[in-house]
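Note sheet for the following structure.
The values are calculated or read from the model by the stated rules, or taken from the named source; none is laboratory data. On a predicted model such as this, the values are computed, not experimentally measured, just so you know. Virtual Cβ from ideal backbone geometry, glycine too; neighbours counted across all protein chains shown. The protein model used for the area step is the full one, side chains on, heavy atoms only, and it has no ligands, DNA or RNA in it. Shrake-Rupley method; radii C 1.70, N 1.55, O 1.52, S 1.80 Å.
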Amino acid sequence: MKICVLGGDGYCGWATALYLSAKGNDVSIVDNYARRQWDYELGVQTLTPIRPLVERLRVWQQLTGRTIDLYVGDVTDYEFLASTLRAAEPEAVVHFAEQRAAPYSMIDRKHAVFTQVNNVVGTLNLLFAIRELQPDCHIVKLGTMGEYGTPNIDIEEGYIEIEHKGRKDVLPFPKQPGSFYHLSKVHDSHNMMFACKIWGLRATDLNQGVVYGTVTDEVAFDEALINRFDYDEVFGTVLNRFCAQAAVGHPLTVYGKGGQTRGFLDIRDTVRCIELACLNPAAPGECRVFNQFTEQFSVLDLAGMVQAAARKLGYEAEIDYLADPRVEAEEHYYNARHSKLIDLGLKPHYLSDSLLDSLMNIAIRYRDRVDQTMFLPQVNWRRATNERRRQTAMESAAVAGSKF
Ligand code: NAD
Ligand code: USQ
């Protein structure tokens, strides 16, 4: 298939582009390098030393003989996006190209506005461009499990049958997201459902859980292909952070009591889920939703697993219970359905099998690059404004050209 991967320089996008290319698809990447720019803004670096995208693509071509085309630009720029789709003529577009850190969206007004404009406008542009140029193209869009929040009932896959005052209907599952970032995904979901309904577009909204792991078969071909491993308080997700912390003997930063429960999946399952969605496209007019995760854990479960894994490798990690900087339920019911991708053929990798290999060993290998000042949370949901140190960096970035 001809597949465009929007956001293909990022964590999920890079692994997906290589995987789909290795499977014989004709892949192109679209990215504006925003993610690398946000690292500069925040003064952080991925634990793994990632190479410039052009170099990564050259090495991939040399190793496999397969070319991945590159289109550098911003998907919020309609003319750029439209000309890219005209040139690439994709049968499927996989859309990862959004600002994805909840803490980044909660820094202050400017970052909340940026996140929602970047994400909502990018997705709207894609919907309009597909309608105008490739109406049969299947949109595979990354949403998030965080759109649902943590309701006190079972979470369904996108839609729920409701009986109200004697009448029944199947309606979108209620959304109670926990950050301006997660809200941007809810807005995207509504826009996609609407566009499919009125224009007959075909879309799959993948409500993905927290992804972990760095190594996929393709990334492992060569050091130059290595993927991101973010561990800072803004872009680092909880499991990566705990592993990086354990690797340098820093206490594991459990927020609150650690009872927050989320769905998780291995990056190797992310790429397979995308492939399964592409191979089994939605019907014209259909906006279907898959919950894309394989296991659920509480934050404290994860801390315990990391402690045990680290101990086996000779590293001791204590737990530090920090006041939760977020506004979230620390103890709650959580039972989310996730059978549709399994029905399509997903064979999950489980955390207990891969934690040591994929995470602790990578964290230990690059432990000299860990900057421990990146561990303690500074972005606070209640204040929605940031510590002085970071604001100074933001102000310089604003001078460098932020629109908001
Ligand atoms: P990432 O930040 O590593 O990658 C996103 C990529 O998109 C970056 O390369 C960035 O430069 C690019 N991008 C952003 N805005 C753009 C724009 N306007 N124009 C062009 N390119 C742009 O993020 P990720 O972890 O790979 O996440 C990818 C997607 O998956 C996101 O939509 C995210 O919400 C979703 N998701 C991620 C996770 C996770 O745990 N990483 C979990 C659930 C959902
Ligand atoms: N947490 C800690 N300690 C830490 C970091 C996080 O206890 O050091 C807690 C948070 O309070 C939260 C949970 O761990 O309760 C998950 O936080 P996270 O930063 O790992 O993940 P989150 O903010 O939810 O966002 C990540 C991705 C996002 C994606 C989402 C999927 O960055 O793009 O949408 O996971 S989900 O969580 O299902 O919404």
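Taking residues in the range 283-309 that are open to solvent by 30 Å² or more (accessible area, probe 1.4 Å), and partners anywhere that are assigned to a loop (DSSP other than H, G, I, E, B) and of a type in the set (S, T, Y), the pairs with Cβ atoms closer than 8 Å and at least 6 places apart or on different chains are E295/Y350; Q296/Y334. V140 meets the conditions (1) more than 30 Å from G43 (Cα to Cα); (2) under 19 Å from the mean Cα position of the chain (by Cα); (3) part of a helix (DSSP H, G or I); (4) not aromatic (F, W, Y) in every case but one. The failed one is (3). Within the range 100-159, the only residue that satisfies the criterion of being within 17 Å of V5 (Cβ to Cβ), within 12 Å of ligand 1 (Cβ to nearest atom) and open to solvent by 40 Å² or more (accessible area, probe 1.4 Å) is R100.
Among the hydroxyl-bearing types (S, T, Y), more than 20 Å from I362 (Cβ to Cβ), within 14 Å of ligand 2 (Cβ to nearest atom) and at pLDDT 95 or above: is that true of T253 in this structure? No: the conditions fail for T253. Any residue at all in the range 27-40 that's in contact with a strand residue (DSSP E or B) (Cβ under 6 Å, 6 or more places away or on another chain) and charged (D, E, K, R)? Looking through the range 27-40, none of the residues is in contact with a strand residue (DSSP E or B) (Cβ under 6 Å, 6 or more places away or on another chain) and charged (D, E, K, R).
Inside the range 187-234, residues that are outside any loop (DSSP other than H, G, I, E, B) and under 20 Å from I130 (Cα atoms) make up a count of 18.
Restricting the search to helices (runs of 4 or more DSSP H) fully inside the range 1-104 and requiring at least 1 residues that are charged (D, E, K, R) and more than 24 Å from N119 (Cβ to Cβ) gives 53-64. Only one of the listed residues (V215, V234) is crowded, with 24+ Cβ neighbours inside 10 Å and within 21 Å of the chain's Cα centre (by Cα). That residue is V234. Select from the range 218-231 the residues that are open to solvent by 10 Å² or more (accessible area, probe 1.4 Å) and charged (D, E, K, R) and list them in ascending order. Within the range 218-231, E218, D222, E223 meet the criteria. Of the residues making up the range 67-78, not a single one is away from ligand 1 (no atom under 11 Å from the Cβ) and among the small types (G, A, S).
Every condition in (1) within 16 Å of ligand 2 (Cβ to nearest atom); (2) open to solvent by 10 Å² or more (accessible area, probe 1.4 Å); (3) touching a strand residue (DSSP E or B) at 6+ places or on another chain (Cβ under 9 Å) is met by V248 except one, and the failing one is (3).
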